[in-house]
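These notes are about the structure you will find just below.
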Amino acid sequence: NKDTVICIGTIGSVTFKKCKSIIDEISLNHPRIHSVVVIRNKTPQSAWLNEMRVASSGLKWCFQIDEDMYLYPNAIDSLIGLAERKEEQGVKVLNASSLLYDLFLESKVGSLKLWSADPLQRLEFRDVLGGDRDFAKRGGILGFENVETKLVLGEHDSAPTAAVAFKKYFEYTQKLKKFSGE
């Protein structure tokens, strides 16, 4: 049952080649993977996430992979399994997420996401700070829920170079300030 697409968003980071190689290896003979779609040079983030929505049309699940994520071999089965167990319990799954291990911060961070294609077809991502949160809030109004596991299902290479580190952590600081009310 090839009902899952993996979408990798890339703007050309040095981490893309490794990320894509790992995804290709994991998905090559996986019975659930319909396709791997690379979405290139779409900014802001909402633009590539909306391309991901298009790629998921007609399927059941969609993995959102940033080019700085290195999935573990069990990641796909773990998140699909979690989402399907929750559906069996009557939950309308928006997405199933797990943690990643950040190589720069040397700590667990969120998150790897497996989206249900159903809400992806009903809503669009908007160009706002915290677009995932905005999407989840609007999905919640439709009865969808996020589900999560505390398992670490991959690595996050957040700072492969000093320039990348500065840019990302500046953005993170802005988000933290916004969501803490500063």
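The values are calculated or read from the model by the stated rules, or taken from the named source; none is laboratory data. Everything numeric in this text was worked out from a predicted model, so none of it was measured. When we count neighbours, we look across all protein chains shown, and the Cβ atoms used for this are built from the backbone with ideal geometry, even at glycine. Keep in mind that these areas ignore ligands, DNA and RNA; they rest on the heavy atoms of the full protein, side chains included. Shrake-Rupley method; radii C 1.70, N 1.55, O 1.52, S 1.80 Å.
How many residues does the stretch 3-27 hold that are part of a loop (DSSP other than H, G, I, E, B), open to solvent by 40 Å² or more (accessible area, probe 1.4 Å) and either modelled with pLDDT of 95 or more or among the β-branched types (Val, Ile, Thr) (or both)?
The number of residues fulfilling the criteria is 2.
Could you tell me whether residue 131 is within 22 Å of residue 14 (Cβ to Cβ) and in contact (Cβ under 8 Å) with a residue 24 or more places away in the chain? Talk me through it step by step, then tell me what you get.
On the way: within 22 Å of residue 14 (Cβ to Cβ): no; in contact (Cβ under 8 Å) with a residue 24 or more places away in the chain: yes.
When the stated conditions are applied, residue 131 does not pass them.
Can you name the number of the only condition in (1) over 16 Å from residue 153 (Cβ atoms); (2) open to solvent by 70 Å² or more (accessible area, probe 1.4 Å); (3) not in a helix (DSSP H, G or I) that residue 38 fails?
(2)
Considering only the stretch 147-182, state which residues are touching a strand residue (DSSP E or B) at 6+ places or on another chain (Cβ under 6 Å) and assigned to a loop (DSSP other than H, G, I, E, B).
Of everything in the stretch 147-182, just one residue is touching a strand residue (DSSP E or B) at 6+ places or on another chain (Cβ under 6 Å) and assigned to a loop (DSSP other than H, G, I, E, B), namely 158.
Considering the stretch 162-182 alone, what residues qualify as being in contact with a Gly (Cβ under 7 Å, 6 or more places away or on another chain) and aromatic (Phe, Trp, Tyr)?
The one that is in contact with a Gly (Cβ under 7 Å, 6 or more places away or on another chain) and aromatic (Phe, Trp, Tyr): 179.
Just the residues that are under 27 Å from residue 20 (Cβ atoms) and among the aromatic types (Phe, Trp, Tyr), please, taken from the stretch 115-167.
Those that are under 27 Å from residue 20 (Cβ atoms) and among the aromatic types (Phe, Trp, Tyr): 115, 125, 135, 166.
Quick one: in the stretch 41-52, of everything that is more than 12 Å from residue 126 (Cα to Cα) and either in contact (Cβ under 8 Å) with a residue 40 or more places away in the chain or under 12 Å from the mean Cα position of the chain (by Cα) (or both), which residue is surrounded by the fewest Cβ atoms within 10 Å (Cβ to Cβ)?
Here the answer is 51.
Could you list all residues from the stretch 94-110 that are among the polar types (S, T, N, Q) and either out of contact with any helix residue (DSSP H, G or I) (no Cβ under 9 Å at 6 or more places or on another chain) or in contact (Cβ under 8 Å) with a residue 60 or more places away in the chain (or both)? Before you say what the answer is, go through the steps one by one.
The initial filter retains those residues of the stretch 94-110 that are among the polar types (S, T, N, Q), namely 95, 97-98, 107.
107, the sole residue that qualifies.
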